[in-house]
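Q: One structure follows; several queries about it will come next.
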Amino acid sequence: VLNHINFSIKSNEIFGLIGPNGAGKTTLCKIITGYKNPSYGVVRFKDKDVNNNNVSLKNTSNNYIGICPQNDILWNELNAIEHLNFFSKIKGIPSSYEKQLISKCMNNVGIKNRKKNNIKYMSGGEKRRLSLALSLLGNPKIIILDEPTTGIDPLMRNNLWKVISNLKQNKAILLVIIIEEANVLCNRIGIIIKGSMKCIGSPLELK
């Protein structure tokens, strides 16, 4: 249950969300993305309520928001490139731009050499990187990453930190992460405990 959470994320900013398990971080992400409706309150993107049931508004929010969920949503029957092709079509990415964009997303997360591997043969870290690549499709203005580096080895984690840091130009990024990553990546951090936002500030202010 979330209680009286009120915050905003600016363009060109990485906002880190930290807190203990069960604090409400993932629930908040689901509400922000429109996958879950709040019992009260609103989430606004460019002054529009993303939880509104209006179909055209839902489609707009889907195109503007890229999501890497806490749990990978992948199909064992498909390989990496087939996942990216499928989600590109859902996003309405023009076919003339699709191949170039997919290649860039795979390069960014370091899975280009695994593009034809079926999901069932990929490691947990590789699946996580594919989920991150899917969230980048379509150049979304808002990117929500729920523990994006889970299961990834330290070297690749550092590489992904660089990728995420470079992504923030003209974007707003919400990260659900651990304190170590928040200190490295985030412009501001919000701490959630038992469904309430206890404090918000820069990593330096919260030390």
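Q: Residue check: is Lys141 touching a residue at least 60 places away in the same chain (Cβ under 8 Å), surrounded by fewer than 19 Cβ atoms within 10 Å (Cβ to Cβ) and touching a helix residue (DSSP H, G or I) at 6+ places or on another chain (Cβ under 8 Å)?
A: Details: touching a residue at least 60 places away in the same chain (Cβ under 8 Å): yes; surrounded by fewer than 19 Cβ atoms within 10 Å (Cβ to Cβ): yes; touching a helix residue (DSSP H, G or I) at 6+ places or on another chain (Cβ under 8 Å): yes.
In short, yes.
Q: Something else: Give the range 31-60 a look and list any residue that's at pLDDT 80 or above and in contact with a strand residue (DSSP E or B) (Cβ under 9 Å, 6 or more places away or on another chain), or say none.
A: Correct list: Ile32, Thr33, Tyr35, Val42, Val43.
Q: If you don't mind, there's one more thing I want to ask. Find the residue count for the range 109-134, including only residues that are under 18 Å from Pro69 (Cα atoms) and assigned to a helix (DSSP H, G or I).
A: Number satisfying all stated conditions: 13.
Q: Quick one: in the range 147-162, which of the residues that are in a helix (DSSP H, G or I) and aliphatic (A, V, I, L, M) is surrounded by the most Cβ atoms within 10 Å (Cβ to Cβ)?
A: Taking the range 147-162 as the starting set, the residues that turn out to be in a helix (DSSP H, G or I) are 154-162.
Next, from what is left, pick out any that are aliphatic (A, V, I, L, M): 155-156, 160.
Details: Leu155: 9, Met156: 18, Leu160: 22.
Among those residues, the one meeting the criterion is Leu160.
Q: Of all the residues that make up the range 179-207, how many are in contact with a Gly (Cβ under 9 Å, 6 or more places away or on another chain) and within 22 Å of Val163 (Cα to Cα)? Reasoning before the result, please.
A: Within the range 179-207, the subset in contact with a Gly (Cβ under 9 Å, 6 or more places away or on another chain) is 179, 181-183, 185-201, 203.
Narrowing the set further to residues that are within 22 Å of Val163 (Cα to Cα) leaves 179, 181-183, 185-190, 203.
So the count comes out to 11.
Q: Mind listing just one residue for me: the one in the range 92-115 that is at pLDDT 85 or above and basic (Lys, Arg) and, of those, farthest from the chain's Cα centre (by Cα)?
A: Checking each candidate, the answer is Lys99.
The values are calculated or read from the model by the stated rules, or taken from the named source; none is laboratory data. It should be emphasised that the depicted structure is a prediction, and the values quoted were computed from it without experimental measurement. Don't worry about glycine lacking a Cβ; one is built from the backbone with ideal geometry, like all the others, and counts go over all protein chains shown.
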